[in-house]
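Asker: Structure below; questions to follow.
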Amino acid sequence: QVQLVESGGGLVQPGGSLRLSCAASGILFSLSTMGWYRQAPGNQRELVATISRDGRINYADFVKGRFTISRDNAKKMVYLQMNSLKPEDTAVYSCNRDPFLAWGQGTQVPVSS
(Lines give C-alpha, C1' and ligand atoms only; values in the text may rest on other atoms or scores of the structure.)
Protein backbone atom coordinates (compact mmCIF):
# COMPACT_ATOMS: atom_id res chain seq x y z
CA GLN A 1 0.00 0.00 0.00
CA VAL A 2 1.39 3.35 -1.06
CA GLN A 3 1.47 5.81 1.81
CA LEU A 4 3.10 9.15 2.57
CA VAL A 5 2.93 10.36 6.17
CA GLU A 6 4.19 13.80 7.13
CA SER A 7 5.01 14.97 10.64
CA GLY A 8 6.85 17.64 12.55
CA GLY A 9 4.70 20.67 11.93
CA GLY A 10 3.42 23.05 14.57
CA LEU A 11 3.18 26.65 15.61
CA VAL A 12 6.49 28.48 15.40
CA GLN A 13 7.48 32.10 15.88
CA PRO A 14 9.03 34.14 13.08
CA GLY A 15 12.74 33.40 12.92
CA GLY A 16 12.25 29.96 14.39
CA SER A 17 13.03 26.51 13.03
CA LEU A 18 11.25 23.24 12.41
CA ARG A 19 12.21 19.90 10.97
CA LEU A 20 9.58 18.10 8.95
CA SER A 21 9.67 14.38 8.29
CA CYS A 22 7.98 12.24 5.67
CA ALA A 23 7.73 8.48 5.88
CA ALA A 24 7.13 6.71 2.60
CA SER A 25 5.94 3.17 2.10
CA GLY A 26 4.84 1.06 -0.82
CA ILE A 27 7.22 2.67 -3.31
CA LEU A 28 10.73 2.06 -4.61
CA PHE A 29 11.96 4.92 -2.46
CA SER A 30 15.65 4.73 -3.30
CA LEU A 31 14.85 5.10 -7.01
CA SER A 32 12.41 7.97 -6.52
CA THR A 33 12.78 11.71 -6.71
CA MET A 34 11.08 13.06 -3.61
CA GLY A 35 9.88 16.54 -2.88
CA TRP A 36 8.28 18.86 -0.39
CA TYR A 37 5.37 21.04 -1.40
CA ARG A 38 3.23 23.54 0.43
CA GLN A 39 -0.20 25.06 0.15
CA ALA A 40 -1.11 28.26 1.93
CA PRO A 41 -4.76 29.14 2.57
CA GLY A 42 -6.37 30.35 -0.63
CA ASN A 43 -3.32 29.51 -2.73
CA GLN A 44 -2.35 26.70 -5.05
CA ARG A 45 0.11 24.05 -3.95
CA GLU A 46 3.68 25.02 -4.79
CA LEU A 47 7.02 23.29 -4.94
CA VAL A 48 9.39 23.87 -2.03
CA ALA A 49 12.27 21.51 -2.77
CA THR A 50 13.09 18.23 -4.46
CA ILE A 51 15.86 15.68 -4.04
CA SER A 52 16.63 13.08 -6.68
CA ARG A 53 17.65 9.51 -6.06
CA ASP A 54 21.29 10.47 -6.54
CA GLY A 55 21.05 13.49 -4.26
CA ARG A 56 20.57 16.33 -6.71
CA ILE A 57 18.63 19.09 -5.00
CA ASN A 58 16.40 21.83 -6.29
CA TYR A 59 14.93 24.64 -4.17
CA ALA A 60 12.27 27.20 -4.84
CA ASP A 61 13.79 30.68 -4.81
CA PHE A 62 11.76 31.70 -1.78
CA VAL A 63 13.44 29.09 0.47
CA LYS A 64 17.01 29.12 -0.80
CA GLY A 65 19.43 29.55 2.07
CA ARG A 66 16.77 28.87 4.69
CA PHE A 67 15.46 25.35 4.04
CA THR A 68 17.39 22.11 3.56
CA ILE A 69 15.97 18.92 2.09
CA SER A 70 17.55 15.55 2.82
CA ARG A 71 16.73 11.88 2.56
CA ASP A 72 17.52 8.57 4.23
CA ASN A 73 16.98 5.77 1.74
CA ALA A 74 17.44 3.03 4.32
CA LYS A 75 14.61 4.44 6.42
CA LYS A 76 12.54 5.60 3.43
CA MET A 77 12.39 9.06 4.92
CA VAL A 78 12.68 12.55 3.49
CA TYR A 79 13.24 15.59 5.68
CA LEU A 80 12.87 19.34 5.43
CA GLN A 81 14.87 21.47 7.83
CA MET A 82 13.30 24.92 7.91
CA ASN A 83 15.20 27.82 9.46
CA SER A 84 14.53 31.56 9.65
CA LEU A 85 10.83 30.95 9.19
CA LYS A 86 8.65 33.83 8.07
CA PRO A 87 4.91 34.40 8.43
CA GLU A 88 4.59 33.90 4.67
CA ASP A 89 5.89 30.35 5.12
CA THR A 90 2.61 29.50 6.83
CA ALA A 91 1.10 26.56 4.93
CA VAL A 92 0.31 22.88 4.96
CA TYR A 93 3.48 21.07 3.95
CA SER A 94 3.29 17.77 2.10
CA CYS A 95 5.78 15.39 0.58
CA ASN A 96 5.38 13.46 -2.63
CA ARG A 97 7.22 11.59 -5.29
CA ASP A 98 7.87 12.75 -8.84
CA PRO A 99 5.60 11.63 -10.55
CA PHE A 100 2.96 12.30 -7.94
CA LEU A 101 1.25 9.72 -5.80
CA ALA A 102 -1.92 10.29 -3.82
CA TRP A 103 -1.32 13.15 -1.40
CA GLY A 104 -1.11 12.52 2.32
CA GLN A 105 -2.68 14.77 4.93
CA GLY A 106 0.34 17.00 5.20
CA THR A 107 1.53 18.79 8.29
CA GLN A 108 0.52 22.31 9.23
CA VAL A 109 3.12 24.98 9.84
CA PRO A 110 1.71 28.23 11.20
CA VAL A 111 4.36 30.91 11.61
CA SER A 112 3.13 33.59 13.94
CA SER A 113 4.09 35.53 17.02
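The values are calculated or read from the model by the stated rules, or taken from the named source; none is laboratory data. Quantities reported herein were computed from a predicted structural model and do not represent experimental measurements. Virtual Cβ from ideal backbone geometry, glycine too; neighbours counted across all protein chains shown. The protein model used for the area step is the full one, side chains on, heavy atoms only, and it has no ligands, DNA or RNA in it. Shrake-Rupley method; radii C 1.70, N 1.55, O 1.52, S 1.80 Å.
Asker: Roughly how many percent of the accessible protein surface of the chain is carbon and sulfur, given a 1.4 Å probe and a whole-percent answer? List each step's numbers first, then the result.
Answerer: On the way: 2850 of 6120 Å².
That fraction is 47 percent.
Asker: Follow-up question, since we're still on this one. Between D72 and S7, what is 0.36 nm times their sequence separation minus the Cα-Cα distance? Round to one decimal in nm.
Answerer: Numbers: separation 65, 0.36 × 65 = 23.40 nm, distance 1.54 nm.
Length gained, D72 through S7: 21.9 nm.
Asker: Could I ask something else about it? Among DSSP beta bridges lying fully in the chain, give the percent that are antiparallel, nearest 5. Don't skip to the answer; put the middle values down first.
Answerer: On the way: 35 of 36 bridges.
Counting only bridges with both partners in the chain, antiparallel ones make up about 95 percent.
Asker: Same structure, new question: Just the number: Rg to Rh for region 10-113, Cα atoms, Kirkwood Rh, two decimals. Mind showing how you got there, number by number?
Answerer: Values: Rg = 13.1 Å, Rh = 13.8 Å.
We get a ratio of 0.95 for region 10-113.
Asker: Moving on to the next point. Explain nothing, just compute: Karplus ³J(HN,Hα) = 6.51 cos²θ - 1.76 cosθ + 1.60, θ = phi - 60°, for every residue of region 18-34 in order, whole Hz, x for Gly and Pro.
Answerer: Along region 18-34, the couplings run 8, 10, 8, 10, 9, 9, 10, 9, x, 10, 7, 4, 5, 9, 9, 7, 10 Hz.
Asker: Continuing with the same structure: Probe of 1.4 angstrom, ligands and nucleic acids ignored: what's the accessible area per residue over the chain, in square angstrom?
Answerer: Working: 6120 Å² over 113 residues.
Per-residue accessible area for the chain comes out at 54 Å².
Asker: To the nearest 20 Debye, how big is the dipole of the chain about its Cα centre, given +1 on the beta carbon of each Lys and Arg and -1 on that of each Asp and Glu?
Answerer: Numbers: 12 positive and 8 negative charges, 44 e Å.
Once rounded to the nearest 20, the dipole reads 200 debye.
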